[in-house]
1. Anything in the stretch 101-141 that is of a type in the set (Asp, Glu) and closer than 21 Å to Ala244 by Cα? List them, or say none.
2. Looking only at the stretch 150-162, count how many residues are over 15 Å from Leu108 (Cβ atoms) and either modelled with pLDDT under 95 or among the small types (Gly, Ala, Ser) (or both).
3. Do you know which of the residues in the stretch 59-84 that are of a type in the set (Gly, Ala, Ser) and more than 26 Å from Cys162 (Cβ to Cβ) is surrounded by the fewest Cβ atoms within 10 Å (Cβ to Cβ)?
4. Condition check: in contact (Cβ under 8 Å) with a residue 12 or more places away in the chain, in contact with a helix residue (DSSP H, G or I) (Cβ under 7 Å, 6 or more places away or on another chain) and part of a helix (DSSP H, G or I). Does Val151 satisfy that?
5. Would you please name the residue that is surrounded by the fewest Cβ atoms within 10 Å (Cβ to Cβ), looking only at residues in the stretch 102-126 that are among the aliphatic types (A, V, I, L, M) and either under 12 Å from the mean Cα position of the chain (by Cα) or within 30 Å of Pro216 (Cβ to Cβ) (or both)?
Amino acid sequence: MNALRKTLIFALAFCLCCSLAATTYARTFIDAHGNEIELDDSLEAYANFVLYGADNAARKGETNLGDLWADALRWFAASGTMNEYFEEDDVAAGNTEIAVDADHIVALWNGGNLRADVAEGKFGAEQLAEVLPYPNKVAVVYMSGAQLLEVLEAASQALPYCEDTAAACASFMQVSGLKYAVDTTKEYDKGEAYGDNWFKAASLNRVTIEEVNGKPFDAEATYAVITSNANFNGMDSSYMLKAAAEENEKSTITTAVVRDVIWLYIAGELNNVIDDPYADAQGRITIK
């Protein structure tokens, strides 16, 4: 009997150790900055088709993954969910909600920050971490329509995509809440150099915004642009996002982690199933 009890105790202890070890390995991920982050293994969703982000897909043009990602960010703001994630200093200053109507909220996400496909079938937190291996947080920048147009002009400067322009095309913006067109038959009007791969726009002649949330684009209106802290701080070609953020004190970086927001959208709005309308890109961006 003692031998049997010892065997059972050993077996239970072994199983517990294996379980703990499996949990430890399954729930950690090393992000692109070398940080070890914990993953929530309880998160699970299903994609009925491939969501395209690998092989620089989101630098070349609109993709279904880009649509999904930008939709999640815009939903986060327009639904009011974002209101719970303002920093303490913002709350103390009365900055506790988006300061424009929902039809003036748009989302921009640079294609260089979509790094992997989400394969058809079941996926979890690890797959989203592979898509975005950076610890980005959600930010809001208030800007005029004219400034928004310049953001898109500068972001699209390296199109059309080719091997030589791949690095600069990282700035190309996937969007939600607006439709725009890029006429690549016209030369980008290069102004002052900005970083290693980009130039500020000396004039605006390649990009047109066709509509914003189903309404005419207004160059004088104020729009809330939902994006990442990296773009807020001027990453890639985002000099105008940085300048606009500095001009408007309500522009801010929230405490919300972007990957967590994507999961909130997938679970809360899509019931954990990626189905239509994300089978294909939705025609928000036209590249002529």
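The values are calculated or read from the model by the stated rules, or taken from the named source; none is laboratory data. In this text the structure is predicted, and so the values were computed from the model without any measurement. Cβ coordinates were reconstructed from backbone atoms using ideal geometry, including for glycine residues, and neighbour counts include every protein chain displayed.
1. Asp101, Asp103
2. 1
3. By that ranking, first place goes to Gly80.
4. yes
5. It comes out as Ala102.
For every residue, the table says whether it meets (1) of a type in the set (Lys, Arg); (2) closer than 13 Å to Met143 by Cα.
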| site | (1), (2) |
| --- | --- |
| Ile209 | no, no |
| Val212 | no, no |
| Val225 | no, yes |
| Asn229 | no, no |
| Lys242 | yes, yes |
| Thr252 | no, yes |
| Val257 | no, no |
| Gly268 | no, no |
